[in-house]
Each structure stands twice: as structure tokens, then as C-alpha cells.
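**Q** Before I ask anything, let me first share the structure, which is written out below as C-alpha cells.
Please treat every number below as a calculation from the coordinates, not as lab data. Here the structure is a predicted model, which is why all the values come from computation and not from measurement. Because the Cβ atoms are built from the backbone with ideal geometry, glycine has one as well, and the counts that use them run over all protein chains shown.
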Amino acid sequence: MLYLKVFTFSVLLTSMYDSSRLTKKVVIHLVVRKMMASTAYHLWSMEDILGQGATASVFKARNKKTGELVAVKVFNITSYTRPYEVQMREFEMLRKLNHINIVKLFAVEEMHMNPKQKVLVMEFCSGGSLLNVLEEPENAFGLPESEFLIVLQCVVHGVNHLRENAVVHRDIKPGNIMRVVGEDGCSIYKLTDFGAARELEDDEKFVSIYGTEEYLHPDMYERAVLRKPQKKAFGVTVDLWSIGVTFYHAATGTLPFVPFGGPRKNKQMMYRITTEKPTGAIAGVQKVEDGAIEWSYHLPQCCQLSEGLKTQLVPVLSNILEADQEKCWGFDQFFAETTGILHHVSIHVFSLQQATAHRIYIHIYNTVSIFFNEVQRQTGMVPELQQYMFNGHYLFLNPSMKVVSLPLTTGDQPIFLISHQPEKIVGLLLREPETPVTPSKFDVVADFTFSKAIVGVIHQYLRIAQSLQKHQELILQGYYCYFENVRLECSNTEHRISMVSMKLLTFLNTEEKLHKLSQSSEDLADHTEIEKKLRQIQENLPIYIRDVQEFRNKLDCLRTELINLSNNIKKVKSLLREDCSQKYRDVLTIAGKWTSALHDIQSQLKDLNSFFNQLIGELQMCEERQSQVLDIVTLRSQHWAGRQQPTDGLKDKDQMILRMNRLKDEMEAVAQELQCNNSIIESLGSLNAGPAI
């Protein structure tokens, strides 16, 4: 109506200009003034419209004194046909609500030209609505996980404030959830449009119909859209249905229930889908006219949410998208479950051998054993096989640790998961988006819809290419760290061999001395066998050293391949999706070869460590026997020396005793050093060959 007045007035002024030659400046000034509207404290242009509904329009306005931006809701003539208490309900609702996730009401003012026409002065949300965000092509397949969690948090907190004040909204949808950007750059979402809201306790009912049909509870849909008479009363849980549809829309970019032709064109089928939904289903789509309904029990693979979050979210959706109000969750259970999700911390894990990325959602006060079980649920890898790396080093986790002790992770810096046994490569599961059908004839609306859908598909292809590139980078990063750790294991094993070689030489020298001292003793004949054993070990040590050197050479070859592949990966950004996919498949093939080689090396290193543990045990036995022999030889030497004439060889006797005592002291020192080195070796062995948990 106001636009019509402006147009008529401008035409009148133009004719006046032609007849009386008014200056163009006067005409423009008068027209502009007539296109403006105001209250006592706020001014706005009729062109700055933010939204329009059945009973009101919302404009961007400014405070006349401060210039502060606000939103003004101007009610039209239709709104005044409603009962007075209904007209005042929105004012009263907004006055009693005060929460960061609900749009603030600053004042209720009156139009200058018509004092009876009320104007709500509200908080201006510069980011538009959640619907505007979802209509962006990059969000055609749903919001990114981080943004979805913000939506979840804001809506849950806002609705919780409504329930604390016994308010039912009755028109929750993406278009009624506004967005602002906080000082930290993160989104804040706020519930708005309380024209349909009213006070209602949990056990109370209402019979009046409000809402937007795609988001309406089936019982309300039957009466409001299909115009079927019924005597049903509705409770507060009707808001839960609308919240469920809104969350599904935000997660996937589409509505959960879609009949052939769309909800607005096939209303009977829309009602049938929502009322015949099987228990546990969260979506139903009819793709062919008069065809079967395809039910979904999981969120689609193409959406941007991780499997960890999907698993948490699906039970919530299936229990609030329930037509039977008796089976539907109440708000208490809804708040308990969603608050639980929001209190979870997410831990980024990349399964290196499987080449899959995961986000583990877990309460911060849980133990690491719960974390192990959740990793097993997503990867199929039992806790006994799980081994972790972070920042290039093995991450040793005790099952009794608290999750809060785990390092902070991101998608680019995850914890790498490695199995103690070979795992099947899974890789990134790709599903190409469906390309919309080109309109058969020229139609502005159809062409716009088609173009918008095509841009959304292109964004999805871009996202797939970026995911492929990111996975390749993580595979290379993980295997590089894996190589370095196995290389360190090889170095430790080489060091262990060197230590054993040194000790072995010491024992062999001692054996030779003991053999000379005990040539005439029949009790010491068994030491010949020990000497043979030690000689055999000495001969075999170079073989073990060569084996470890071969492992190092293999690692050098694998590392060279990794460096070459890293150089090739830099070219992926400029390749088409087919090339990206092929490069990714090549990486998976090479990663499989790396996994097999590294597993073989680690298995052989484990066998070597076991052998050295056994060898060290045998050396300790040798040490004990040598000590016994040394004691026997010393006693016999002393006894023999006592039988000699003092005048014949007193000097020789003293020298012999002195030499034997020195030999005994040396052997005791060697034994202490061996014991110390054994402790070091055992600690290195537990570091290299021990499990990660």
C-alpha cells in the first residue's frame, strides 16, 4: 500500500514538473522524503526491507540521534484484524525474554503518520538469517561441522530459555533464526519472530494453528494445510518437530521429507510421508511420481558432518521427528541429549593404514579406555592393536588416563592411529553429487534455480578435491613420522647390538683367562660349552647388524619415494577431479606398500629384540658361572700357594694373590656395568617393542 502511494506521488510530482517547471532537485527531494518512514526516535528507507510476512514487514533503520543500526518491525493493516490480545502477545513475549540467543526488543514505538500503527524496535542482525546462510551455494549440501555445532548450541540454548519462561514459539524455522558475527569472528544465532508465540506449560495444550508448512508438526499440518477438521489439541512438543526439521536442513542443505514435485505441490503425499515414517527413520523422499518412499536412517554421506557427530545426532533427530506425540521425546530428554553432545570434546584421529579421518566425540571426564572403544567403533581396530603418534613421536596412552590429558588436535594436526597388524586400506569414500536436469524451456525462475544448484554442485566437487588433497597430505605426513620412528627403532637395535658385542668380548676374554687358570681342574670342564656358545653368538652378530642395515636401506628407499610423491602432490591443486582421484588412488596404493614394508620391518625388529632379551639372560648366567669359577680358582690358588716353601717363592705367591684379587675386582666391575646396561637395554626394549597403550 505504501509503495503504491509513493509511486502515485512520484507520478504526480513528475506531471507537476512538466507543467509548472519545478526544479528537478525539488522533485527528487520530495520523492525521497515520501519514501522514508519514521517514529519519534528512528528513521528508515522503505527500500531497506529485511523481510516480509503476512502481518508485518521488517526494515533496517537508524536511531535519529546516535545513528545506531536497528531492525524495525512495522505491522500492516492485516495484523489489526487479529484480536487485541493476539496483537499484544508478541510485545509481551519479547519483553519477558532476555537471552543472547533471542533477538532483543529495545522499544515499542508508533509511526509518525499513524500513531495507532505499532513498530517494534529490535536488535539488528547483520548476518541475515540461517535460511540465507543455507541458500549460499557453498552450503547446498549442509553447513560445515563447526558452523552446525554453533547452530545447535544457539538454538538449544535459546529454546531452553523459552521453556524456562513457559513460552512455545510455534514457528521455528531457518528463516526465523537470525545471525550476527561476534567479536571473535564466530557466528551467533538468535531466535526471532514471536508473533505466533504464547505462554504454555509442559502439560498444557493449544488448538490454534501457526507455523510454516514444511516445518509443521503432522497433526498441525493436517488441520492447517489439508483443511481436515479435527479436535486434536497440541502440546509444547510441536516445537521439537520444527527444531528437528531445522537441524536436518542445516546439516544436509535439504528438507527431510520431500514428496515428488515438492512439499508445496504434493501436500497429500507430504502428509503421508511424515505420518507413515518408520521408527528410527529421519528422512523420506519420493523420487518418482506415485513411486515408493525411500526412507533414510542415517544422514547422507555428502553432508559435511563427520561420522562421529552423525552418530550422536541421528538418535536426537529420530526421536523428535516423531509424529506420535506420546512417543516423541519431551524437552527434558531433548535438552539432556543435545547438551551432552555440546559438552563433548572432539579429538581428530587419522587412521594411517586405513587412510581414513575420524572425529571422536567424547566427554572430557571420560577415561582413555572409553576413547579406545570409540576408536574401535569407528575403525574396527581393537584397543590391543591401537598405537598412536602425535607431532612425530609415539604417543603412549594409559587406559586409566583422563581424556583431558590428550593433546589438542585439529583436522590438519590429528593424532595418527597405527595398528600393530596390517589393516585394509579404506580411503576417502567419494560420492559425486547429482547434477540437476537442465530446464527444457526458458523460464526465469527455473533457470535461476538450476544455476544455483549447478554452483552448489561445483562447490561440492571443489570440496571433494580439497578433501582428497588434505587426505594425501595427511598420509604423507603420517608415513614420514612412521618412517622416522622405525628408523629410530633400527638405530636403537644397532646400539643394542654394539653393547652386546662389547659385553660379549669382555666375557670371552674372561673365559680365556679362566680357562688358563683352570686347565688342571676337572670341575671346570663345562665352560668349554659356554665358550662355544659365546663364540657362536659373536659370529652371528654381524648377520644381525647387516639385517638392521638392510632395514635402514629400505627406509631410505621408502623415504625417497615419499619425497618424490610430496613433490607430485603440489601439482594436484591445478588438476581436474579425475586427476585428483587418480593421484589419490596412487597414494593409497603406495601407502599400502609402505604399510606392508614397515610392518615387516617392525616384526623383524620385534623378533630381534626378543632374541637379544634371551641373549642377555644367557650372558647373565655366564656371568654368574664365571663368578663361581673365579671364586673356585682363587681358593685353589691360595691353597696351592700355601703349600709352597716360604723361602722358595714368597714373592711369586704374593703376586699371584694380587693378580687374582685384581681379576675378581674387574669381574665385579664388569658385572655391575652389565647390570646397569641391562637396565638401559630393557628400558629401550620397552620403548621400542612395547605396546602403545
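**Q** Given the peptides 338-346, 178-186, arrange them by the average over their residues of other C-beta atoms within 10 Å, most packed first.
**A** On the way: 338-346: 15.9, 178-186: 12.7.
In decreasing order of mean packing, 338-346, 178-186 become 338-346, 178-186.
**Q** Separate question: How would you order 97-105, 110-118, 390-398 from highest to lowest mean count of nearby Cβ atoms within 10 Å?
**A** Values: 97-105: 18.8, 110-118: 13.1, 390-398: 14.7.
Those peptides, ordered most packed to least, come out 97-105, 390-398, 110-118.
**Q** Okay, next question. Report, in whole Å, the centroid distance computed from the Cα atoms of region 238-310 and region 111-180.
**A** Here the answer is 22 Å between Cα centres.
**Q** Here's another thing I want to ask about it. Over 30 Å between Cα atoms, which of Lys64/Lys173; Lys118/Lys190; Lys96/Lys277; Lys265/Lys441; Lys310/Lys424; Lys287/Lys310 qualify?
**A** Details: Lys64/Lys173 33 Å; Lys118/Lys190 23 Å; Lys96/Lys277 38 Å; Lys265/Lys441 20 Å; Lys310/Lys424 24 Å; Lys287/Lys310 24 Å.
Violating the 30 Å Cα-Cα cut-off are Lys64/Lys173; Lys96/Lys277.
**Q** Peptides 283-295, 412-424: what's the order by average Cβ count within 10 Å, highest mean first?
**A** Numbers: 283-295: 14.2, 412-424: 17.9.
Ranked by mean Cβ neighbours within 10 Å, highest first: 412-424, 283-295.
**Q** In whole angstrom, note down how far apart the Cα centers of region 402-470 and region 49-82 are.
**A** Measuring centre to centre over Cα atoms gives 40 Å.
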